[in-house]
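For reference, the structure is listed below as structure tokens.
Just so it is clear, none of the values below were taken in a lab; they were calculated from the coordinates. Because the structure is predicted, anything quoted here is derived from the model rather than measured. Heads up, the Cβs are rebuilt from the backbone with ideal geometry, glycines too, and the neighbour counts pull from every protein chain shown.
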Amino acid sequence: MSRITSAPERKKRKRRLFKQVKGYRLGKKNLYRHATEQLDRSMAYSTRDRKVRKRDFRSLWIIRINAAARINGLSYSKLMSGLKKANILVNRKILAELAVNDEKAFSKISEAAKNGLGIEAAK
């Protein structure tokens with residue numbers, strides 16, 4: 001009876017691993033133990049950072065909306081409250097886009113928010 005080894009499977013597994021860690025520095029790209037440890041870490045970071053990216057973008061949108069709202073005489077919280085009371089359903093991503101690229105549209109939205117709050121708009 002012939003002897004059976006796991007060499008082909010092991011080689012395939014290693015090749016797949018080294019293909020994934022291609023581009024890493026020093027021994028993390030060509031030493032098996034370092035490569036496996038780094039790959040585990042990298043996968044954990046990528047999973048975590050997909051969540052962090054969403055937080056970062058929301059924070060950026062809020063900063064942009066707040067800056068544009070203050071130019072129009074409102075704070076961020078008053079603007080969002082006024083929009084809710086005026087039944088204007090616009091998400092933060094679109095509001096931030098309007099604040100950066102279309103100031104006239106954003107000022108009209110802020111006027112509607114002021115009306116929703118009962119604040120007289122200065123003409």
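Quick notes
- GNM top mover of Ile71, Ile62, Ile109 - the chain, alpha-carbon springs below 10 Å: Ile71
- Matching label, semi-axes √(5λ) of the Cα gyration tensor in Å computed from the structure shown, candidates (1) 57, 14, 10; (2) 28, 19, 12; (3) 28, 15, 13: (1)
- Rounded to the nearest 20 debye, dipole of the chain from Cβ charges on Lys, Arg, Asp, Glu: 1280 debye
- Furthest towards positive pole of dipole, Gln20, Met1, Ile63, structure part the chain, Cβ charges: Met1
- Phi angles across the range 11-22 convert, under the Karplus curve 6.51 cos²θ - 1.76 cosθ + 1.60 with θ = phi - 60°, into 3J(HN,Hα) values of 5, 5, 4, 5, 4, 4, 4, 5, 5, 6, 9, 4 Hz, Gly and Pro given as x.
- 22 Å Cα-Cα reach of Lys29 towards lysines, excluding residues that sit fewer than 8 places from it in its own chain: Lys11, Lys12, Lys14, Lys19
- Within straight-line reach of Lys78, meaning a Cα separation under 13 Å, sit the following aspartates and glutamates at least 8 residues removed in sequence or on another chain: Glu111.
- Extreme residue, positive dipole direction of the chain, given options Ser75, Ser42, Val100 (C-beta unit charges): Ser42
- Whole-angstrom gap from the range 6-55 to the range 65-98, using each part's C-alpha centre: 43 Å
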